[in-house]
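One structure is given below, encoded as structure tokens.
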Amino acid sequence: MVFQAVLVGCGGMSKGWLSAIADHPLLKGRVKVVGLVDLDRATAAARATEFGLGDIVIGTDLDAVLAQTRPDLLFDVVVPAARASVVETGLRHGCHVLSEKPMAASIAEGRAMIARAKAAGRVHAVVQNRRFIAGVRRLRRLIESGALGELTSLNCDFFIGAHFGGFREEMDNVLLLDMAIHTLDAARFMSGKTPRAVYCLETNPPGSWYRHGAAANAIFEFDDNVVFNYRGSWAAEGANTSWESAWRIIGTKGTVIWDGADHFEARVVTGDTGFFRDLADIDVPPPNDENQTHGHASVLAEFLDAIEAGRAPETDGADNIKSLAMVFAAIESAKAGQRIPIFT
């Protein structure tokens, strides 16, 4: 099946979407872009020219473009504040909708999106592309194998000096809302656990070029007494971690360390005497499915596969709201200075 799609929001992030649709083997020939929408018509027109999209509908009014093109899909690449309206419009026109993250500007908005998608009989999913990489998939498989024993904690460091310019530097809670959701979603996915509560300290470090909330330290309580410790900053110069963070995951039998790129170290206890027990290296298994390791392209392909199969995609809104709830609970905790339960 070839899906017809309209993309709304033709800024810098749209290039990644359109490149994946045009060039990646998982998507080649599966999607035909029939319309582009942006508040600035010239921006949309320039993007159509850049990707050789030919005679497609270009406009500034999403309702009008959807009415004219009647697409199967709406790709939502707008700024977070505009997301709720865009998703509602797409569902009202009978589209399946795939949104950039964060899913919504509040839990209430997220719940409303889930309800609208269900009522419309359409899929609304979210681009959590960083769970679709080999390292995250490999760690989930290792944890599931039981090789580390019973999971006790996940710990990650995210420290990057990122100079985006634009809307991010003016956002409230910029790290937690715009970036940490990737890491929180990965922790939830890798562990297979449900988050229950959080205590968070959010700061804007001296010298930060962001207006608000460029750094955060958070302790999440998951099911089964699993603890997830998050330390992060987008205003940390001098020693960038990977965009995927640096991880230490601990079980009752051993530990795995991942640098967020290609390096893994995994060891388990083999002895039962001595101050320090004897250890043995173990392998971190490959992903179950290589098609699930191509980031943005894999998210898009999984979205299409789910629609064709009549099932919910992995990043369906009803699941992704659990990651969004982690973000908003962390923000609430930082404001209140106390532990906050996590509800969806």
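The values are calculated or read from the model by the stated rules, or taken from the named source; none is laboratory data. These figures come from a predicted structure and were not determined experimentally. FYI the Cβ positions are ideal-geometry reconstructions off the backbone, even for glycines, and counts take in every protein chain you see.
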Item to check | Residues of the range 321-344 satisfying the condition of being at pLDDT 95 or above and among the aromatic types (F, W, Y) | outcome: F328
Checklist outcome for this item: If we keep only residues of the range 279-299 that are part of a loop (DSSP other than H, G, I, E, B) and surrounded by 12 or more Cβ atoms within 10 Å (Cβ to Cβ), then the residue farthest from the chain's Cα centre (by Cα) is I282
Next on the checklist: If I ask for residues that are part of a loop (DSSP other than H, G, I, E, B) and touching a residue at least 40 places away in the same chain (Cβ under 8 Å), which ones from the range 150-196 would you list?
Outcome noted: E150, I160, A162, H163, M171, D172, N173, G192, K193, T194
Item to check | Identity of the residue in the range 103-156, closer than 23 Å to S245 by Cα and of a type in the set (V, I, T), that ends up surrounded by the fewest Cβ atoms within 10 Å (Cβ to Cβ) | outcome: T152
Checklist entry - What number of residues in the range 106-135 are within 21 Å of A329 (Cα to Cα), of a type outside the set (D, E, K, R) and not in a strand (DSSP E or B)? => result 9
Checklist entry - Of everything in the range 62-104 that's charged (D, E, K, R) and closer than 20 Å to L18 by Cα, which residue is modelled with the lowest pLDDT? => result K101
Next on the checklist: Please go through the range 300-325 and give me each residue that is part of a helix (DSSP H, G or I), more than 19 Å from A84 (Cα to Cα) and touching a residue at least 12 places away in the same chain (Cβ under 8 Å), ordered by number.
Outcome noted: L300, A301, E302, F303, L304, A306, I307, E308
Next on the checklist: Considering only the range 105-115, I want to know if a residue exists there that is touching a Pro at 6+ places or on another chain (Cβ under 8 Å), at pLDDT below 95 and within 30 Å of V31 (Cα to Cα).
Outcome noted: yes
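Could you please find all residues in the range 202-217 being of a type in the set (S, T, Y) and assigned to a strand (DSSP E or B)?
Let us first name the residues in the range 202-217 that are of a type in the set (S, T, Y), namely 203, 208, 210.
Listed by number, the list holds a single entry, T203.
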Checklist entry - Which members of the range 218-246 meet the condition of being assigned to a loop (DSSP other than H, G, I, E, B), out of contact with any Leu (no Cβ under 9 Å at 6 or more places or on another chain) and surrounded by 17 or more Cβ atoms within 10 Å (Cβ to Cβ)? => result A236, T241, S242, E244, S245
Checklist entry - Quick one: is A261 of a type in the set (A, V, I, L, M, F, W, C), in contact with a Ser or Thr (Cβ under 9 Å, 6 or more places away or on another chain) and touching a residue at least 40 places away in the same chain (Cβ under 8 Å)? => result yes
